[in-house]
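The values are calculated or read from the model by the stated rules, or taken from the named source; none is laboratory data. Quick caveat, the model's predicted, so the values are computed rather than measured. In this analysis, Cβ positions are derived from the backbone assuming ideal geometry, glycine residues included, and neighbour counts consider all displayed protein chains.
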Amino acid sequence: MYSNEDKQLAEKVLEFSCDLESGQNVMLQLVGLNGIGLLRALVEHTRKMGANPFIQIEDTEIRRMLIESGDKDFWTTQAEVDQLPLMKQMDAFVGVRASLNIYEQSEVSKEANKAYADYFVDPVHYKERVNNTSWVVLRYPSEAFAMNAKMPTQKFREFYYKACLLDYTELAEAMKPLQDRLEDTDMIRLKGEETDISFSVKDQTWIPCFGEKNIPDGELFSSPILSSVNGHISYAPSVYQGKPFEYVKLEVRDGVVVDSDSSNNEQLQEILDTDAGARQFGEFSFGLNPVIKEPMYDILFDEKIYGSNHLTLGNDYEIAPNGNESNIHWDLVCIGADVYLDGEKIREGRKFITDDLKGLNPENLLQK
């Protein structure tokens, strides 16, 4: 029916991440049929808790067909007739992403993606679900996922559950000294291979993430002062809207991308031309999950890589705003740059070097 690991994961997601209570409504959404075992475990545990599951199962090829053919009228109807009224009844949301092909939407046009984002994703998810439910989103392991991670399938499954079932209470405690430092910081500098970029975070809000919104989790994020970002930065491999990038490099002046290079420049320019906010940055974060070491073309994992940072193109988060508005939010990850806070080096490569922050290094955190 389902594995013991899926049982443990369902319990953590519902009890810890969603903090679900008896009598509450929770939407359990499965995108991709591969994760049916976890969905069963989620349904069973929801009912054991006395809560009400609302089930939504989507085939990834059907989703791609709808996005390809959808326009403003179609997605407005989908939102207003079905999904928005239902989401307004939900207290919690669990989204399981179980696609077997991360490139399924790689040939969807820019116009079709924009219509889907503007008239469905924005009202249903960004405005309603994100702001008014206790929500969590996670991936599900598969042979294809293991291939992207360059691991044997069984080894990847072991890695996946270890990363997802991390003791997030311990991680939250280890994050506190870094959050304290960042709340008193003005200028941050990242300096590494093909990267030297600085920006201000003075008086910005810092949000620790330890299993309440994403699984796996482990990040501490805010947003840069918009016009303060200057320098150049090189990012690890990434997939955005089904389009692969082996590398992305950006040159930034006064908060705006003025030059760029990538393994897929035509698609990169399309993304940067989405709107004015697509060339500016809406988030900055530290990746802090001690289990996740290398990129695997999946941002829910890659943005948590220990010793990494992501300086995100596009829309900010209302919880840690800087005023940037965009239809994109692309979490591009920079791995292993030295980090300076107001001129003091706190991380050398991927290791924190100050005594108060060494507890975040994998060799210390995983021993707890």
Could you figure out which of (1) under 22 Å from residue 138 (Cα atoms); (2) in contact (Cβ under 8 Å) with a residue 60 or more places away in the chain; (3) not basic (Lys, Arg) isn't true of residue 324? (1)
Among (1) in the same structural domain as residue 349 (by TED's automatic domain parsing); (2) out of contact with any Pro (no Cβ under 8 Å at 6 or more places or on another chain); (3) in contact (Cβ under 8 Å) with a residue 24 or more places away in the chain, where does residue 202 come up short? (3)
Taking residue 198 as the residue in question, decide whether it is more than 16 Å from the chain's Cα centre (by Cα), surrounded by fewer than 19 Cβ atoms within 10 Å (Cβ to Cβ) and of a type in the set (Gly, Ala, Ser). yes
Within region 192-203, how many residues turn out to be closer than 25 Å to residue 321 by Cα and either of a type in the set (A, V, I, L, M, F, W, C) or in contact with a strand residue (DSSP E or B) (Cβ under 9 Å, 6 or more places away or on another chain) (or both)? 8
Check every one of the strands (runs of 3 or more DSSP E) wholly within region 51-154 and list those with 2 or more residues that are under 22 Å from residue 243 (Cα atoms). 92-97, 134-139
Looking only at region 306-332, which residues are of a type in the set (A, V, I, L, M, F, W, C) and either touching a Leu at 6+ places or on another chain (Cβ under 9 Å) or part of a loop (DSSP other than H, G, I, E, B) (or both)? 311, 313, 319, 328, 330, 332
Test: residue in region 134-148 that is crowded, with 17+ Cβ neighbours inside 10 Å, more than 24 Å from residue 61 (Cβ to Cβ) and not assigned by TED's automatic domain parsing to the domain that holds residue 58: no
Can you tell me which residue in region 277-329 is modelled with the lowest pLDDT, limited to those that are of a type in the set (Phe, Trp, Tyr) and surrounded by fewer than 24 Cβ atoms within 10 Å (Cβ to Cβ)? 297
Residue satisfying all of: in region 224-259; hydroxyl-bearing (Ser, Thr, Tyr) and in contact with a Lys or Arg (Cβ under 8 Å, 6 or more places away or on another chain); surrounded by the fewest Cβ atoms within 10 Å (Cβ to Cβ) among these: 234
Taking region 204-231 and keeping only residues that are farther than 30 Å from residue 165 by Cβ and in contact with a helix residue (DSSP H, G or I) (Cβ under 9 Å, 6 or more places away or on another chain), one is left with 204
How many residues are polar (S, T, N, Q) and out of contact with any Pro (no Cβ under 9 Å at 6 or more places or on another chain) when one looks only at region 38-87? 6
Would you confirm, using the coordinates I've provided, whether residue 176 is modelled with pLDDT of 95 or more, out of contact with any His (no Cβ under 6 Å at 6 or more places or on another chain) and of a type in the set (Lys, Arg)? yes
Residue check, residue 218 surrounded by fewer than 18 Cβ atoms within 10 Å (Cβ to Cβ), within 20 Å of residue 335 (Cα to Cα) and either in contact with a His (Cβ under 8 Å, 6 or more places away or on another chain) or at pLDDT 95 or above (or both): no
For region 257-280, give me each residue that is touching a residue at least 60 places away in the same chain (Cβ under 8 Å) and out of contact with any helix residue (DSSP H, G or I) (no Cβ under 6 Å at 6 or more places or on another chain). 274
Look through region 127-167, keep the residues that are in contact with a strand residue (DSSP E or B) (Cβ under 9 Å, 6 or more places away or on another chain) and of a type in the set (Phe, Trp, Tyr), and return whichever of them is farthest from residue 290 (Cα to Cα). 135
Give me the pairs: first residue in region 91-115 and in contact (Cβ under 8 Å) with a residue 24 or more places away in the chain, second residue among the basic types (Lys, Arg) and part of a strand (DSSP E or B), beta-carbon distance under 6 Å, and six or more apart or on different chains, which are they? 97/139; 106/243
Within region 192-208, does at least one residue satisfy the condition of being at pLDDT 95 or above, under 20 Å from residue 226 (Cα atoms) and assigned to a helix (DSSP H, G or I)? no
